[in-house]
Amino acid sequence: MADPDRAITEVDLCAFVDGQLDAARCIEVEDYLSRNPEAAAAVMADMRSRDAIRLALRDAGQPRADLLDLARQLDRRLGITRLRALMPRVSFAALALICAWLASDEILEAIAPPSQAAVPTFADEALEAHDTARLRQSMESEAKNPLIDSVGIRNATSITFPRASPDWRVLDARLVPSDHGTGVEISFDPGSGSPLTFFAVHTPDKAPFNPEAVSVGADAVAYWRRGSVGYALTGSLPPAELDRLAEDLADNPTD
Amino acid sequence: MLHMVVGKWFGNRTVEHVPAMRRYACTLVGDEQADDLVHEALTRAYASHRSFRQDGNLGSWLLAIVHNCFVSGWRKRQVEGAGIEHLRHHAPAHMPPGQEHAVQLGELARAIEQLPLDQRSAFHLVVVEDLSYEMAASILHVPVGTIMSRLSRARAALRRAIEGRPPSLRVVEGKNG
(Lines give C-alpha, C1' and ligand atoms only; values in the text may rest on other atoms or scores of the structure.)
Protein backbone atom coordinates (compact mmCIF):
# COMPACT_ATOMS: atom_id res chain seq x y z
CA MET A 1 0.00 0.00 0.00
CA ALA A 2 1.15 3.47 -0.83
CA ASP A 3 1.82 5.79 2.05
CA PRO A 4 -0.48 8.76 1.47
CA ASP A 5 1.97 10.98 3.36
CA ARG A 6 4.73 10.28 0.87
CA ALA A 7 3.50 11.82 -2.35
CA ILE A 8 4.97 10.42 -5.57
CA THR A 9 6.77 13.17 -7.45
CA GLU A 10 8.24 13.48 -10.93
CA VAL A 11 11.66 12.83 -9.39
CA ASP A 12 10.38 9.54 -7.93
CA LEU A 13 9.14 8.44 -11.34
CA CYS A 14 12.53 9.28 -12.86
CA ALA A 15 14.38 7.38 -10.17
CA PHE A 16 11.97 4.47 -10.70
CA VAL A 17 12.87 4.32 -14.41
CA ASP A 18 16.59 4.61 -13.58
CA GLY A 19 16.42 1.80 -11.00
CA GLN A 20 17.62 4.10 -8.21
CA LEU A 21 14.82 3.43 -5.71
CA ASP A 22 14.93 0.91 -2.88
CA ALA A 23 12.45 -1.96 -2.92
CA ALA A 24 9.97 -0.32 -0.53
CA ARG A 25 9.75 2.90 -2.53
CA CYS A 26 9.48 0.90 -5.78
CA ILE A 27 6.34 -0.80 -4.44
CA GLU A 28 4.85 2.57 -3.54
CA VAL A 29 5.56 3.92 -7.02
CA GLU A 30 4.12 0.80 -8.67
CA ASP A 31 1.00 1.14 -6.54
CA TYR A 32 0.72 4.77 -7.57
CA LEU A 33 1.15 3.88 -11.27
CA SER A 34 -1.60 1.26 -11.10
CA ARG A 35 -4.00 3.99 -10.04
CA ASN A 36 -2.69 6.68 -12.41
CA PRO A 37 -2.78 5.57 -16.07
CA GLU A 38 -1.34 8.86 -17.30
CA ALA A 39 1.71 8.60 -15.06
CA ALA A 40 2.06 4.93 -16.04
CA ALA A 41 2.03 5.88 -19.74
CA ALA A 42 4.69 8.53 -19.11
CA VAL A 43 6.87 6.01 -17.29
CA MET A 44 6.44 3.53 -20.12
CA ALA A 45 7.46 6.22 -22.62
CA ASP A 46 10.57 6.98 -20.54
CA MET A 47 11.52 3.32 -20.45
CA ARG A 48 10.97 2.93 -24.17
CA SER A 49 13.18 5.95 -24.88
CA ARG A 50 15.85 4.61 -22.57
CA ASP A 51 15.90 1.18 -24.21
CA ALA A 52 15.85 2.63 -27.73
CA ILE A 53 18.82 4.91 -27.04
CA ARG A 54 20.83 2.18 -25.36
CA LEU A 55 20.17 -0.14 -28.27
CA ALA A 56 21.08 2.53 -30.81
CA LEU A 57 24.34 3.40 -29.13
CA ARG A 58 25.49 -0.14 -28.50
CA ASP A 59 28.33 -1.42 -30.69
CA ALA A 60 29.28 1.91 -32.15
CA GLY A 61 32.03 0.25 -34.17
CA GLN A 62 35.70 -0.33 -33.43
CA PRO A 63 37.40 2.71 -31.82
CA ARG A 64 40.14 4.46 -33.77
CA ALA A 65 43.52 2.70 -33.49
CA ASP A 66 45.26 5.69 -31.91
CA LEU A 67 42.66 5.73 -29.11
CA LEU A 68 43.27 2.06 -28.35
CA ASP A 69 47.03 2.67 -28.30
CA LEU A 70 46.61 5.53 -25.86
CA ALA A 71 44.32 3.40 -23.69
CA ARG A 72 46.90 0.59 -23.57
CA GLN A 73 49.66 3.02 -22.62
CA LEU A 74 47.49 4.37 -19.82
CA ASP A 75 46.77 0.84 -18.58
CA ARG A 76 50.49 0.05 -18.44
CA ARG A 77 51.11 3.31 -16.59
CA LEU A 78 48.35 2.59 -14.06
CA GLY A 79 49.63 -0.95 -13.60
CA ILE A 80 53.14 0.28 -12.79
CA THR A 81 51.80 2.92 -10.40
CA ARG A 82 49.76 0.26 -8.66
CA LEU A 83 52.79 -2.00 -8.30
CA ARG A 84 54.94 0.86 -7.01
CA ALA A 85 52.29 1.70 -4.44
CA LEU A 86 52.45 -1.90 -3.26
CA MET A 87 56.26 -2.30 -3.34
CA PRO A 88 57.36 -0.31 -0.27
CA ARG A 89 54.92 -2.18 1.93
CA VAL A 90 56.03 -5.57 0.61
CA SER A 91 59.75 -4.85 0.92
CA PHE A 92 59.44 -3.32 4.37
CA ALA A 93 57.49 -6.30 5.65
CA ALA A 94 60.00 -8.70 4.07
CA LEU A 95 62.94 -6.77 5.50
CA ALA A 96 61.43 -6.71 8.98
CA LEU A 97 60.81 -10.45 8.81
CA ILE A 98 64.39 -11.22 7.72
CA CYS A 99 65.82 -8.97 10.45
CA ALA A 100 63.65 -10.62 13.09
CA TRP A 101 64.72 -14.05 11.90
CA LEU A 102 68.42 -13.19 11.88
CA ALA A 103 68.27 -11.55 15.30
CA SER A 104 65.90 -14.04 16.93
CA ASP A 105 68.52 -15.25 19.43
CA GLU A 106 69.36 -11.73 20.55
CA ILE A 107 65.67 -10.80 20.72
CA LEU A 108 64.80 -13.85 22.82
CA GLU A 109 67.71 -13.12 25.14
CA ALA A 110 66.59 -9.50 25.44
CA ILE A 111 63.01 -10.34 26.31
CA ALA A 112 63.98 -13.19 28.67
CA PRO A 113 64.34 -12.05 32.32
CA PRO A 114 67.93 -11.68 33.55
CA SER A 115 69.23 -14.82 35.31
CA GLN A 116 69.58 -13.02 38.65
CA ALA A 117 65.85 -12.37 38.69
CA ALA A 118 65.15 -16.02 37.99
CA VAL A 119 66.88 -17.24 41.16
CA PRO A 120 64.20 -19.22 43.00
CA THR A 121 63.29 -18.39 46.57
CA PHE A 122 64.60 -21.73 47.85
CA ALA A 123 68.07 -20.66 46.66
CA ASP A 124 67.77 -17.57 48.86
CA GLU A 125 66.81 -19.82 51.73
CA ALA A 126 69.84 -21.96 50.96
CA LEU A 127 72.07 -18.89 51.24
CA GLU A 128 70.60 -18.05 54.63
CA ALA A 129 71.00 -21.66 55.72
CA HIS A 130 74.62 -21.57 54.60
CA ASP A 131 75.28 -18.47 56.76
CA THR A 132 73.67 -20.17 59.74
CA ALA A 133 75.60 -23.37 59.09
CA ARG A 134 78.93 -21.51 59.10
CA LEU A 135 77.95 -19.91 62.37
CA ARG A 136 77.04 -23.31 63.84
CA GLN A 137 80.34 -24.79 62.73
CA SER A 138 82.22 -22.07 64.60
CA MET A 139 80.30 -22.64 67.83
CA GLU A 140 81.46 -25.58 69.93
CA SER A 141 78.22 -25.50 71.91
CA GLU A 142 76.02 -26.36 68.90
CA ALA A 143 75.24 -30.07 68.62
CA LYS A 144 76.23 -31.53 65.27
CA ASN A 145 75.09 -34.66 63.47
CA PRO A 146 77.75 -35.89 61.04
CA LEU A 147 75.57 -38.79 59.78
CA ILE A 148 73.05 -38.70 56.95
CA ASP A 149 69.95 -40.85 57.50
CA SER A 150 68.68 -40.68 53.93
CA VAL A 151 65.93 -43.24 54.50
CA GLY A 152 64.72 -41.52 57.67
CA ILE A 153 64.66 -38.15 55.93
CA ARG A 154 62.80 -39.59 52.94
CA ASN A 155 60.20 -41.24 55.18
CA ALA A 156 59.68 -38.07 57.18
CA THR A 157 59.71 -35.51 54.37
CA SER A 158 59.55 -37.50 51.05
CA ILE A 159 62.63 -35.58 50.03
CA THR A 160 65.25 -37.59 48.19
CA PHE A 161 68.66 -36.21 47.33
CA PRO A 162 71.81 -37.33 45.54
CA ARG A 163 74.47 -39.16 47.43
CA ALA A 164 77.48 -36.95 48.05
CA SER A 165 80.98 -37.93 46.92
CA PRO A 166 82.86 -40.04 49.50
CA ASP A 167 85.51 -37.29 49.53
CA TRP A 168 83.00 -34.92 51.01
CA ARG A 169 83.01 -35.09 54.78
CA VAL A 170 79.64 -34.52 56.41
CA LEU A 171 79.87 -31.80 59.04
CA ASP A 172 76.18 -31.63 59.95
CA ALA A 173 72.81 -32.84 58.69
CA ARG A 174 69.43 -31.69 59.95
CA LEU A 175 65.84 -30.84 59.04
CA VAL A 176 65.05 -27.14 58.88
CA PRO A 177 61.87 -25.12 58.52
CA SER A 178 61.40 -23.27 55.24
CA ASP A 179 58.74 -21.23 53.41
CA HIS A 180 57.61 -24.37 51.59
CA GLY A 181 57.69 -26.81 54.47
CA THR A 182 60.39 -28.88 56.08
CA GLY A 183 63.69 -28.89 54.20
CA VAL A 184 66.95 -30.81 54.49
CA GLU A 185 70.22 -29.04 55.18
CA ILE A 186 73.58 -30.79 55.03
CA SER A 187 76.95 -29.15 55.58
CA PHE A 188 79.98 -30.66 53.84
CA ASP A 189 83.68 -30.18 53.88
CA PRO A 190 84.75 -31.08 50.33
CA GLY A 191 88.36 -31.13 51.38
CA SER A 192 89.23 -27.68 50.17
CA GLY A 193 88.64 -26.17 53.59
CA SER A 194 85.73 -24.05 52.36
CA PRO A 195 82.50 -25.67 53.63
CA LEU A 196 79.50 -26.23 51.35
CA THR A 197 75.86 -26.23 52.38
CA PHE A 198 73.40 -28.45 50.55
CA PHE A 199 69.71 -27.64 50.81
CA ALA A 200 66.67 -29.52 49.48
CA VAL A 201 62.94 -28.77 49.82
CA HIS A 202 59.61 -29.42 48.11
CA THR A 203 58.89 -26.25 46.18
CA PRO A 204 56.73 -24.93 43.35
CA ASP A 205 59.56 -22.59 42.32
CA LYS A 206 60.87 -22.90 38.78
CA ALA A 207 64.49 -24.02 38.43
CA PRO A 208 66.57 -25.59 35.66
CA PHE A 209 67.15 -29.34 35.44
CA ASN A 210 70.91 -28.80 35.24
CA PRO A 211 72.45 -26.70 38.02
CA GLU A 212 72.98 -23.00 37.41
CA ALA A 213 75.25 -20.94 39.63
CA VAL A 214 75.10 -17.24 40.46
CA SER A 215 77.28 -15.21 42.79
CA VAL A 216 75.71 -13.40 45.72
CA GLY A 217 78.25 -11.19 47.47
CA ALA A 218 81.22 -13.30 48.53
CA ASP A 219 79.17 -16.50 48.23
CA ALA A 220 77.70 -18.34 45.30
CA VAL A 221 74.62 -20.53 45.02
CA ALA A 222 73.91 -23.26 42.48
CA TYR A 223 70.30 -24.43 42.12
CA TRP A 224 68.43 -27.06 40.16
CA ARG A 225 65.31 -29.08 40.35
CA ARG A 226 64.25 -32.71 39.94
CA GLY A 227 60.56 -33.53 40.14
CA SER A 228 58.97 -31.50 42.92
CA VAL A 229 62.18 -31.01 44.86
CA GLY A 230 64.41 -27.98 44.51
CA TYR A 231 68.12 -28.32 45.36
CA ALA A 232 70.73 -25.71 46.15
CA LEU A 233 74.43 -25.88 46.89
CA THR A 234 76.03 -22.88 48.54
CA GLY A 235 79.62 -22.00 49.26
CA SER A 236 82.19 -19.22 49.34
CA LEU A 237 83.52 -20.09 45.89
CA PRO A 238 83.54 -18.56 42.44
CA PRO A 239 80.24 -19.43 40.67
CA ALA A 240 82.00 -21.46 37.96
CA GLU A 241 83.74 -23.62 40.56
CA LEU A 242 80.54 -24.10 42.54
CA ASP A 243 78.65 -24.92 39.34
CA ARG A 244 81.14 -27.72 38.59
CA LEU A 245 80.68 -29.18 42.09
CA ALA A 246 76.89 -28.90 41.82
CA GLU A 247 76.90 -30.66 38.43
CA ASP A 248 78.90 -33.52 39.96
CA LEU A 249 76.54 -33.77 42.91
CA ALA A 250 73.35 -33.56 40.79
CA ASP A 251 74.58 -36.44 38.62
CA ASN A 252 75.06 -38.76 41.57
CA PRO A 253 72.42 -41.39 42.28
CA THR A 254 69.89 -40.78 45.03
CA ASP A 255 69.66 -43.03 48.03
CA MET B 1 45.57 -17.87 -10.97
CA LEU B 2 48.75 -16.05 -11.98
CA HIS B 3 47.08 -15.04 -15.18
CA MET B 4 44.20 -13.52 -13.20
CA VAL B 5 46.58 -11.57 -10.96
CA VAL B 6 48.64 -10.29 -13.90
CA GLY B 7 45.43 -9.42 -15.72
CA LYS B 8 44.25 -7.45 -12.73
CA TRP B 9 47.47 -5.43 -12.60
CA PHE B 10 48.21 -5.03 -16.29
CA GLY B 11 44.87 -5.92 -17.89
CA ASN B 12 43.40 -3.85 -20.70
CA ARG B 13 41.06 -2.04 -18.42
CA THR B 14 41.02 1.40 -19.96
CA VAL B 15 40.56 -0.26 -23.33
CA GLU B 16 37.26 -1.66 -22.05
CA HIS B 17 36.05 1.85 -21.23
CA VAL B 18 36.95 3.50 -24.55
CA PRO B 19 33.51 2.78 -26.08
CA ALA B 20 31.78 4.49 -23.14
CA MET B 21 34.15 7.45 -23.44
CA ARG B 22 33.29 7.76 -27.13
CA ARG B 23 29.55 7.56 -26.48
CA TYR B 24 29.75 10.32 -23.91
CA ALA B 25 31.99 12.42 -26.18
CA CYS B 26 29.38 12.00 -28.94
CA THR B 27 26.70 13.33 -26.62
CA LEU B 28 28.87 16.31 -25.72
CA VAL B 29 30.37 17.30 -29.06
CA GLY B 30 28.74 15.14 -31.73
CA ASP B 31 29.95 12.26 -33.86
CA GLU B 32 32.47 14.16 -35.94
CA GLN B 33 34.63 15.41 -33.10
CA ALA B 34 34.01 12.72 -30.48
CA ASP B 35 37.20 10.76 -31.19
CA ASP B 36 39.30 13.90 -30.94
CA LEU B 37 37.82 14.69 -27.54
CA VAL B 38 38.48 11.12 -26.37
CA HIS B 39 42.04 11.42 -27.66
CA GLU B 40 42.57 14.55 -25.61
CA ALA B 41 40.98 12.92 -22.56
CA LEU B 42 43.22 9.83 -22.79
CA THR B 43 46.31 12.02 -23.14
CA ARG B 44 45.29 14.01 -20.09
CA ALA B 45 44.48 10.83 -18.14
CA TYR B 46 48.01 9.54 -18.88
CA ALA B 47 49.56 12.79 -17.67
CA SER B 48 47.49 12.78 -14.48
CA HIS B 49 47.47 9.02 -13.82
CA ARG B 50 48.55 9.68 -10.23
CA SER B 51 45.19 11.28 -9.51
CA PHE B 52 43.49 7.91 -10.00
CA ARG B 53 42.80 6.26 -6.65
CA GLN B 54 43.85 2.60 -6.71
CA ASP B 55 40.51 1.52 -5.29
CA GLY B 56 38.56 4.00 -7.42
CA ASN B 57 36.18 3.36 -10.29
CA LEU B 58 38.23 3.57 -13.50
CA GLY B 59 35.17 4.04 -15.72
CA SER B 60 33.81 7.06 -13.90
CA TRP B 61 37.34 8.52 -13.53
CA LEU B 62 37.75 8.36 -17.32
CA LEU B 63 34.28 9.80 -18.00
CA ALA B 64 35.04 12.63 -15.58
CA ILE B 65 38.21 13.41 -17.54
CA VAL B 66 36.24 13.44 -20.80
CA HIS B 67 33.85 15.86 -19.16
CA ASN B 68 36.62 18.05 -17.72
CA CYS B 69 38.38 18.18 -21.10
CA PHE B 70 35.15 19.26 -22.68
CA VAL B 71 34.39 21.91 -20.07
CA SER B 72 37.91 23.30 -19.74
CA GLY B 73 38.79 23.74 -23.37
CA TRP B 74 36.66 22.10 -25.91
CA ARG B 75 33.51 24.02 -25.26
CA LYS B 76 35.30 27.30 -25.76
CA ARG B 77 36.64 26.27 -29.13
CA GLN B 78 33.67 24.38 -30.46
CA VAL B 79 30.09 25.19 -31.07
CA GLU B 80 28.17 23.80 -28.11
CA GLY B 81 25.12 22.48 -29.90
CA ALA B 82 27.03 20.57 -32.56
CA GLY B 83 24.34 17.92 -32.33
CA ILE B 84 24.30 14.21 -31.81
CA GLU B 85 24.18 12.96 -35.35
CA HIS B 86 25.46 9.59 -34.11
CA LEU B 87 22.03 8.52 -32.94
CA ARG B 88 20.64 8.84 -36.44
CA HIS B 89 23.76 7.33 -37.98
CA HIS B 90 23.58 4.21 -35.87
CA ALA B 91 19.85 3.83 -35.79
CA PRO B 92 19.34 1.99 -39.11
CA ALA B 93 22.10 -0.53 -38.38
CA HIS B 94 21.02 -1.50 -34.87
CA MET B 95 17.24 -1.19 -34.86
CA PRO B 96 15.01 -3.95 -36.11
CA PRO B 97 14.18 -3.53 -39.82
CA GLY B 98 11.36 -1.11 -40.43
CA GLN B 99 11.17 2.50 -41.42
CA GLU B 100 8.90 3.32 -38.48
CA HIS B 101 11.46 2.56 -35.80
CA ALA B 102 14.12 4.56 -37.58
CA VAL B 103 11.75 7.51 -37.71
CA GLN B 104 10.93 7.10 -34.00
CA LEU B 105 14.56 6.98 -33.05
CA GLY B 106 15.32 9.95 -35.26
CA GLU B 107 12.70 11.95 -33.38
CA LEU B 108 14.16 10.90 -30.08
CA ALA B 109 17.66 11.82 -31.26
CA ARG B 110 16.54 15.26 -32.34
CA ALA B 111 14.76 15.79 -29.02
CA ILE B 112 17.87 14.80 -27.06
CA GLU B 113 19.95 17.00 -29.32
CA GLN B 114 17.80 19.96 -28.41
CA LEU B 115 18.13 19.46 -24.66
CA PRO B 116 20.34 21.97 -22.88
CA LEU B 117 23.85 20.56 -22.46
CA ASP B 118 23.52 20.13 -18.67
CA GLN B 119 20.41 18.00 -19.05
CA ARG B 120 21.90 16.12 -21.97
CA SER B 121 25.06 15.09 -20.10
CA ALA B 122 23.14 14.04 -16.98
CA PHE B 123 20.69 12.11 -19.13
CA HIS B 124 23.51 10.37 -20.99
CA LEU B 125 25.46 9.32 -17.90
CA VAL B 126 22.43 7.92 -16.06
CA VAL B 127 20.27 6.59 -18.90
CA VAL B 128 22.83 5.44 -21.51
CA GLU B 129 25.78 4.54 -19.26
CA ASP B 130 23.53 3.31 -16.45
CA LEU B 131 25.53 5.13 -13.76
CA SER B 132 24.10 5.84 -10.31
CA TYR B 133 22.96 9.38 -9.50
CA GLU B 134 25.91 9.69 -7.09
CA MET B 135 28.45 8.74 -9.74
CA ALA B 136 26.95 11.08 -12.34
CA ALA B 137 26.94 13.85 -9.75
CA SER B 138 30.64 13.33 -9.02
CA ILE B 139 31.53 13.35 -12.73
CA LEU B 140 29.60 16.55 -13.38
CA HIS B 141 30.68 18.17 -10.07
CA VAL B 142 27.10 18.91 -8.99
CA PRO B 143 24.92 17.75 -6.09
CA VAL B 144 22.80 14.60 -6.53
CA GLY B 145 19.64 16.72 -6.30
CA THR B 146 20.76 18.69 -9.34
CA ILE B 147 21.18 15.45 -11.32
CA MET B 148 17.67 14.42 -10.35
CA SER B 149 16.07 17.68 -11.36
CA ARG B 150 18.01 17.76 -14.66
CA LEU B 151 16.85 14.24 -15.45
CA SER B 152 13.29 15.05 -14.57
CA ARG B 153 13.26 18.08 -16.87
CA ALA B 154 15.00 16.18 -19.67
CA ARG B 155 12.44 13.39 -19.54
CA ALA B 156 9.51 15.78 -19.54
CA ALA B 157 10.96 17.48 -22.65
CA LEU B 158 11.52 14.13 -24.40
CA ARG B 159 7.97 12.99 -23.66
CA ARG B 160 6.55 16.23 -25.04
CA ALA B 161 8.61 15.79 -28.20
CA ILE B 162 7.51 12.20 -28.75
CA GLU B 163 3.86 12.85 -27.97
CA GLY B 164 3.86 15.36 -30.77
CA ARG B 165 4.72 12.76 -33.41
CA PRO B 166 2.28 11.68 -36.17
CA PRO B 167 -0.52 9.31 -35.03
CA SER B 168 0.31 6.72 -37.69
CA LEU B 169 3.33 5.60 -35.62
CA ARG B 170 1.06 4.54 -32.77
CA VAL B 171 -0.97 2.37 -35.15
CA VAL B 172 2.23 0.64 -36.30
CA GLU B 173 3.25 0.00 -32.71
CA GLY B 174 -0.12 -1.61 -31.97
CA LYS B 175 0.24 -3.88 -34.98
CA ASN B 176 3.66 -5.07 -33.85
CA GLY B 177 2.72 -5.62 -30.23
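Annotations for the structure displayed:
- Across the stretch B:128-157, the qualifying residues are those that are outside any helix (DSSP H, G or I) and closer than 24 Å to A:ASP51 by Cβ, and the one among them that is farthest from the chain's Cα centre (by Cα) is B:SER132.
- All told, A:ARG58 falls short of being among the basic types (Lys, Arg) and either surrounded by 16 or more Cβ atoms within 10 Å (Cβ to Cβ) or modelled with pLDDT of 90 or more (or both).
- Candidates in the stretch A:226-236 are the residues that are over 31 Å from the mean Cα position of the chain (by Cα) and under 22 Å from A:LEU147 (Cβ atoms); of these, the one that is surrounded by the fewest Cβ atoms within 10 Å (Cβ to Cβ) is A:GLY235.
Residue by residue, here is whether (1) outside any strand (DSSP E or B); (2) in contact (Cβ under 8 Å) with a residue 24 or more places away in the chain; (3) exposed (fewer than 15 other Cβ atoms within 10 Å of the Cβ) holds:
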{"residue": "A:PRO177", "(1), (2), (3)": "no, no, yes"}
{"residue": "A:GLU185", "(1), (2), (3)": "no, yes, no"}
{"residue": "A:GLY191", "(1), (2), (3)": "yes, yes, yes"}
{"residue": "A:PHE199", "(1), (2), (3)": "no, yes, no"}
{"residue": "A:LYS206", "(1), (2), (3)": "yes, yes, yes"}
{"residue": "A:ASN210", "(1), (2), (3)": "yes, yes, yes"}
{"residue": "A:ALA213", "(1), (2), (3)": "no, yes, no"}
{"residue": "A:VAL221", "(1), (2), (3)": "no, yes, no"}
{"residue": "A:TRP224", "(1), (2), (3)": "no, yes, no"}
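- Sole exception among (1) under 18 Å from B:SER152 (Cβ atoms); (2) modelled with pLDDT under 90 for A:GLU28, by number: (2)
- Test: residue in the stretch A:163-172 that is among the hydroxyl-bearing types (Ser, Thr, Tyr), in the same structural domain as A:LEU242 (by TED's automatic domain parsing) and under 21 Å from A:ALA213 (Cα atoms): yes
- Residue check for B:LEU125: in a loop (DSSP other than H, G, I, E, B), modelled with pLDDT of 85 or more and under 22 Å from A:ALA52 (Cβ atoms): no
- Of the residues making up the stretch B:62-72, at least one is at pLDDT 75 or above, farther than 19 Å from A:ARG58 by Cα and surrounded by fewer than 15 Cβ atoms within 10 Å (Cβ to Cβ).
- All conditions in (1) loosely packed, with under 15 Cβ neighbours inside 10 Å; (2) at pLDDT 85 or above; (3) not acidic (Asp, Glu) hold for A:THR254, with the sole exception of (2).
- Taking the criterion of being more than 7 Å from every other protein chain (Cβ to nearest Cβ) and hydrophobic (A, V, I, L, M, F, W, C), the residues of the stretch A:46-86 that qualify are A:MET47, A:ALA65, A:ILE80, A:LEU86.
Here's the yes/no breakdown for (1) facing chain A (nearest Cβ under 9 Å); (2) without any contact (Cβ under 8 Å) to a residue 60 or more places away in the chain; (3) among the aliphatic types (A, V, I, L, M):
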| site | (1), (2), (3) |
| --- | --- |
| B:ARG23 | yes, no, no |
| B:CYS26 | yes, no, no |
| B:GLN33 | no, yes, no |
| B:PHE52 | yes, yes, no |
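- Every pair of residues 6+ apart whose Cβ atoms lie under 6 Å, when the first sits in the stretch A:54-70 and is assigned by TED's automatic domain parsing to the domain that holds A:ASP18 while the second is at pLDDT below 85 and among the basic types (Lys, Arg): none
- Just one of the listed residues (A:GLY230, A:GLY183, A:GLY152) is in the same structural domain as A:ALA126 (by TED's automatic domain parsing) and out of contact with any Ser or Thr (no Cβ under 9 Å at 6 or more places or on another chain), namely A:GLY152.
- Applying the set (1) in contact (Cβ under 8 Å) with a residue 40 or more places away in the chain; (2) surrounded by fewer than 22 Cβ atoms within 10 Å (Cβ to Cβ); (3) farther than 13 Å from A:PRO120 by Cα to A:PRO239 leaves exactly one unmet item: (1).
- Of the residues making up the stretch A:39-53, not one is crowded, with 16+ Cβ neighbours inside 10 Å, under 12 Å from B:VAL127 (Cβ atoms), hydrophobic (A, V, I, L, M, F, W, C) and touching a residue at least 24 places away in the same chain (Cβ under 8 Å).
The values are calculated or read from the model by the stated rules, or taken from the named source; none is laboratory data. Computed from a prediction, not measured in an experiment: that's the story for all the values here. Because the Cβ atoms are built from the backbone with ideal geometry, glycine has one as well, and the counts that use them run over all protein chains shown.
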